[in-house]
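Below is one structure, written out as structure tokens, with a few remarks after it.
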Amino acid sequence: MKVDLFDFHLPEELIAQVPLLDRESSRLMVLNKETGEIAHETFKQITNYLKPGDCLVLNDTKVLPARLFGNKDGTGAKIEVLLLKQQETDSWETLVKPAKRIKEGSVIVFGDGKLKAVCTGVLEHGGRILDFSYEGIFYEVLDELGTMPLPPYIKEQLDDQDRYQTVFARERGSAAAPTAGLHFTDQLLEKIKEMGVHIAFITLHVGLGTFRPVSVDDIDNHDMHSEFYQMTADTAQILNQVRSAGGRIITVGTTSTRTLETIATRHDGVFQEESGWTSIFIHPGYEFKGIDGMITNFHLPKSTLIMLVSALSNREHVLHAYETAVLEKYRFFSFGDAMLII
């Protein structure tokens, strides 16, 4: 299947640059996955589409303030570092700009010396292995000196760093937020629970690969990035009970979807306590084994995310919904509006 089949025209002004003050006030497009019928709501009206016995699955990953700005020791050259993956306690795989200034043995200083890093390895595409030294607790230093690694299509500065975190974020490790979860407040989640809807949590640490464009012409040739996931025994038990009782499993975001489908695929539709790495690539033709519906934001043209969404409904319904979203001036991407596919 050709990647161009998932293209659509998106005016740049529809890319949301800042979050709304009220998380619940985002718009919500509801797409019937079978018929393609569309309804327009606000996000707080999601309760109209949930039923007692359903289960919402949320990704509780927490975004690290993983972008650091420092200076090369000795020359004072400005260096930007993005933390990607922890190798050992104080050793991280990173992206460095400008990478040509940082070679093995180079030292970068952050925050007047509160944090230092020495380059111990050179990787391709600007990648570097950095070993950090500091006084105290690394994550406290990072909270003080780091900034949120906002997606490349967001040009505005974020005044409140917590607006790029979900209200239920608790497991540190993501380079990007699971943005479908940004629409929920504690009050809305409590209201949903009072309806008799189960709330379950998984963890998938979102990597920067989620923003990597598809560089091949045919999706069968795309090499999907890998991300770490974890499901607890409690969540597996809730999901199996919901499925046995005939309730619907509705994931919040593509990250939760990829996690549930990875586990359900490995265990013949049954959920189990498990952790590991997933590189599952869901696109039209995929048969879902773990979920019945999904809440998600509006995604980039020709991205793996719009392909995943198209698999849950079908390509024609989804592209029509996206064309409608453009006409109705929905806000797109991380800080944008939401879609419920059910």
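Assessment of segment 280-292 against the conditions (at pLDDT 95 or above, among the basic types (Lys, Arg), in the same structural domain as Met29 (by the TED database) and under 30 Å from Pro52 (Cβ atoms)) yields at least one matching residue. Leu20 satisfies every condition listed in (1) surrounded by 19 or more Cβ atoms within 10 Å (Cβ to Cβ); (2) assigned to a loop (DSSP other than H, G, I, E, B); (3) aliphatic (A, V, I, L, M) except (1). Taken over segment 118-134, the criterion of being within 14 Å of Thr89 (Cα to Cα) and under 28 Å from the mean Cα position of the chain (by Cα) is satisfied by Ile129, Leu130, Asp131, Phe132. Restricting segment 211-255 to residues that are touching a Pro at 6+ places or on another chain (Cβ under 9 Å) and hydroxyl-bearing (Ser, Thr, Tyr), the residue that is nearest to Ile342 (Cα to Cα) is Thr254. Applying the set (1) open to solvent by less than 20 Å² (accessible area, probe 1.4 Å); (2) more than 21 Å from Lys85 (Cα to Cα) to Gly276 leaves exactly one unmet item: (2). Within segment 252-293, being within 21 Å of Pro178 (Cα to Cα) and among the polar types (S, T, N, Q) holds for Thr254, Thr255, Ser256, Thr257, Thr259, Thr262, Ser275, Thr278, Ser279.
Just need a number here: residues in segment 113-144 that are open to solvent by less than 40 Å² (accessible area, probe 1.4 Å) and either at pLDDT 95 or above or at negative phi (or both). Qualifying residue count for the region: 13. Residue count for segment 206-239 under the criterion of being at pLDDT 95 or above and open to solvent by 40 Å² or more (accessible area, probe 1.4 Å): the result is 6. Scanning segment 87-125 for residues that are in contact with a Ser or Thr (Cβ under 9 Å, 6 or more places away or on another chain) and closer than 16 Å to Tyr139 by Cβ yields Asp90, Ser91, Leu115, Ala117. For segment 101-152, a tally of residues being in contact (Cβ under 8 Å) with a residue 24 or more places away in the chain and among the acidic types (Asp, Glu) returns 3. Scanning segment 251-270 for residues that are open to solvent by less than 10 Å² (accessible area, probe 1.4 Å), at pLDDT 95 or above, more than 21 Å from Lys33 (Cα to Cα) and aliphatic (A, V, I, L, M) turns up at least one hit. Leu308 meets the conditions (1) touching a Ser or Thr at 6+ places or on another chain (Cβ under 6 Å); (2) of a type outside the set (S, T, N, Q); (3) open to solvent by 20 Å² or more (accessible area, probe 1.4 Å); (4) over 20 Å from Ala200 (Cα atoms) in every case but one. The failed one is (3). Annotation: Arg163 fulfils all but one of (1) at pLDDT 95 or above; (2) open to solvent by 30 Å² or more (accessible area, probe 1.4 Å); the unmet one is (1). Residues in segment 37-61 that are in contact with a Ser or Thr (Cβ under 7 Å, 6 or more places away or on another chain) and either assigned to a loop (DSSP other than H, G, I, E, B) or surrounded by fewer than 18 Cβ atoms within 10 Å (Cβ to Cβ) (or both): Ile38, Thr42, Asp60.
Restricting attention to segment 311-342, the residues that are open to solvent by 10 Å² or more (accessible area, probe 1.4 Å), of a type in the set (Asp, Glu) and more than 18 Å from Lys2 (Cα to Cα) total 2.
Could you say whether any residue in segment 90-112 is part of a helix (DSSP H, G or I), open to solvent by 80 Å² or more (accessible area, probe 1.4 Å), on the phi > 0 side of the Ramachandran plot and not hydrophobic (A, V, I, L, M, F, W, C)? Checking segment 90-112: at least one residue is part of a helix (DSSP H, G or I), open to solvent by 80 Å² or more (accessible area, probe 1.4 Å), on the phi > 0 side of the Ramachandran plot and not hydrophobic (A, V, I, L, M, F, W, C).
The values are calculated or read from the model by the stated rules, or taken from the named source; none is laboratory data. Keep in mind the model is a prediction, meaning the values are calculated, not measured. In this analysis, Cβ positions are derived from the backbone assuming ideal geometry, glycine residues included, and neighbour counts consider all displayed protein chains. Note: areas computed on protein heavy atoms with side chains; ligands, DNA, RNA excluded. Shrake-Rupley method; radii C 1.70, N 1.55, O 1.52, S 1.80 Å.
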